[in-house]
Amino acid sequence: NAGVMQNPRHLVRRRGQEARLRCSPMKGHSHVYWYRQLPEEGLKFMVYLQKENIIDESGMPKERFSAEFPKEGPSILRIQQVVRGDSAAYFCASSPRSGQIYNSPLHFGNGTRLTVT
Amino acid sequence: AQSVTQPDIHITVSEGASLELRCNYSYGATPYLFWYVQSPGQGLQLLLKYFSGDTLVQGIKGFEAEFKRSQSSFNLRKPSVHWSDAAEYFCAVGARGDNNNDMRFGAGTRLTVKP
């Protein structure tokens, strides 16, 4: 019974490169959320997706960041032209359906730790 | 929008001692409330949740939390801490609505357990 799988666990990029973070939700889950965690800060919501559909991207920076959740395959969080301030832990969470948070609390992956040098 | 405050960034307790982690929320109605635990290098694991009913909620690993509407608080407690409880603890508040993404997390409280 695999949980939420994120890879890579650690990712090092130089300034200006692209970072791609992958998330496979739990089996049977069709909703994916991305959060960013900075040191001594809580989790900041970035984006909420269903298959082939972005539901809410109000937490995403306006530039350089994008996310997708294709019909087949994992969800991808893409950061173009990374800067040092992008260094953080990025967590993916999944749930089976929306609108019923009381029945389906989020299940989190172990995160991807991005370091920009 | 709802928000949550965890006043204590870091707490140290001795093994076997009792523990209380504070959480205060801001929301116009009765919220959904959660506590999550994060071990080093790991994702977040749900400890317990409150939606309605009994204001004292039991969770996993011997934790409990009490919802106090008058104080806008949802403090996490454990009567006797074990060394394995050392971790970061996050309180979260969810709005009553259709959007799971309306969950807001506190900044976390890091728990250190002394032998």
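Does any residue of segment B:85-98 turn out to be modelled with pLDDT under 95 and in contact with an Asp or Glu (Cβ under 8 Å, 6 or more places away or on another chain)? Yes, that holds for at least one residue.
To keep it simple, each residue is scored yes or no on (1) within 16 Å of B:Ile11 (Cα to Cα); (2) within 11 Å of chain A (Cβ to nearest Cβ).
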residue	(1), (2)
B:Gln42	no, yes
B:Gln71	no, no
B:Ala92	no, yes
B:Met103	no, yes
B:Ala107	yes, yes
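Considering only residues that are farther than 25 Å from B:Glu88 by Cα and hydrophobic (A, V, I, L, M, F, W, C), which ones fall in segment A:42-59? Within segment A:42-59, A:Leu49, A:Ile54, A:Ile55 meet the criteria. Quick check: anything in segment A:53-63 touching a residue at least 40 places away in the same chain (Cβ under 8 Å) and touching a Gly at 6+ places or on another chain (Cβ under 9 Å)? There is no residue in segment A:53-63 that is touching a residue at least 40 places away in the same chain (Cβ under 8 Å) and touching a Gly at 6+ places or on another chain (Cβ under 9 Å).
All of (1) away from every other protein chain (no Cβ under 11 Å); (2) out of contact with any strand residue (DSSP E or B) (no Cβ under 6 Å at 6 or more places or on another chain); (3) within 26 Å of A:Leu11 (Cβ to Cβ); (4) of a type outside the set (S, T, N, Q) hold for B:Lys61 with one exception: (3).
For segment B:49-72, the condition holds for no residue, the condition being that it is closer than 27 Å to A:Gly59 by Cα and modelled with pLDDT of 95 or more. Restricting segment A:28-54 to residues that are facing another protein chain (nearest Cβ under 9 Å) and surrounded by fewer than 17 Cβ atoms within 10 Å (Cβ to Cβ) leaves a set whose member that is modelled with the highest pLDDT is A:Lys44. Residues that are closer than 12 Å to B:Ala95 by Cβ and surrounded by fewer than 18 Cβ atoms within 10 Å (Cβ to Cβ) were ranked within segment B:1-40; the one that is farthest from the other protein chains (Cβ to nearest Cβ) is B:Gly28. Entry remark, segment A:63-99: residues being assigned to a loop (DSSP other than H, G, I, E, B) and surrounded by 15 or more Cβ atoms within 10 Å (Cβ to Cβ) number 7 in total.
The values are calculated or read from the model by the stated rules, or taken from the named source; none is laboratory data. Values in this document were obtained by computation on a predicted structure and should not be read as measured data. Glycine also receives a Cβ, built like all others from the backbone with ideal geometry; neighbour counts cover every protein chain displayed.
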